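For reference, the structure discussed in these notes is given below.
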Amino acid sequence: MVSVEKMKKINPSISDNLADTVAEVGLIGLSSEILEFSIDQVLEEGLIKDIPVVGWISKGLSLQRSISDRILYNKILRFILALESVDSGSKDSFRTKIKNDAKYKRKVGEHLLLILDRIDDLSKPEMVAKCFDHHLTGDLEFSHFIDLVQVIERSTIGDLKALSCPDNKRMLFGSVGQAVGCGILEYGICKSDDDESPEIGTRLSRLGKDLRDVLKNRFRGREERERKSREEIIRRFKLKTEDDTNKER
């Protein structure tokens, strides 16, 4: 959970600016603006101040700022770029809420700043962006977004890459115990290989499954696909039962 003390230390103008920026995702055209530059160039050479919508970031990049602050702004820009690159559907409802609900806008901005400040790898902002995009489109409640991000924060980048590996490859985690502690895996009763007594093993947790599907772009519509799959199984079972009955006659 986010502490009250940490919330008090956040610059409200920065959190509001960040919330306003993510609300405009899909309308910014930011990727094409800086495509020919690296993120480090954009930040170090002051190019960010000339880019519409995100020019506010340059105000936090003065020479007086610490290295940790500069790293934070690097992660913020990576997050915004990743979010802008996803074309996932309508975000009008989120934009309306940000515009009309100041309390919600502040909450979104503050939490995003704290999240980006805490993550320990520059590959993680893109993963956070994929999760947040699902909130923008209404596919994830904000509380569930926070739960998934906490898994990202605690997990190693290697385990996160294992989680999103292709379906034809086995997920291999650096440490099963650590993956359990981070929330990707959970202990449970598993069927043993020799078909004797069940044994304790590990499996993907609910959060692990959700994060996997978000990172692999298949969370949206998952419930509908699972419903259709169940209906198809039932349909085939009924057909087989009818066929067996007819043969007995």
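Descriptive notes on the structure:
- Matching residues in region 114-154 - criterion: being of a type in the set (S, T, N, Q), in contact with a Gly (Cβ under 8 Å, 6 or more places away or on another chain) and over 16 Å from V86 (Cβ atoms): Q150
- Conditions (1) over 25 Å from D159 (Cα atoms); (2) of a type in the set (K, R); (3) under 17 Å from the mean Cα position of the chain (by Cα); number of the one not met by K124: (1)
- Counting the residues of region 197-242 that are among the polar types (S, T, N, Q) and assigned to a helix (DSSP H, G or I) gives 2.
- Boolean, K107 is surrounded by fewer than 20 Cβ atoms within 10 Å (Cβ to Cβ), over 22 Å from I57 (Cβ atoms) and among the charged types (D, E, K, R): no
- Subset of region 83-104 that is assigned to a helix (DSSP H, G or I) and among the hydrophobic types (A, V, I, L, M, F, W, C) - its residue that is surrounded by the most Cβ atoms within 10 Å (Cβ to Cβ): L83
- For the residues D147, D120, the requirement of being free of Cβ contacts under 8 Å to residues at least 60 places away in the same chain, outside the structural domain of S175 (by TED's automatic domain parsing) and either closer than 25 Å to A179 by Cα or surrounded by fewer than 15 Cβ atoms within 10 Å (Cβ to Cβ) (or both) singles out D120.
The values are calculated or read from the model by the stated rules, or taken from the named source; none is laboratory data. Everything quoted here is computed from the prediction, not taken from an experiment. All Cβ positions, glycine included, derive from the backbone under ideal geometry; neighbour counts span all protein chains shown.
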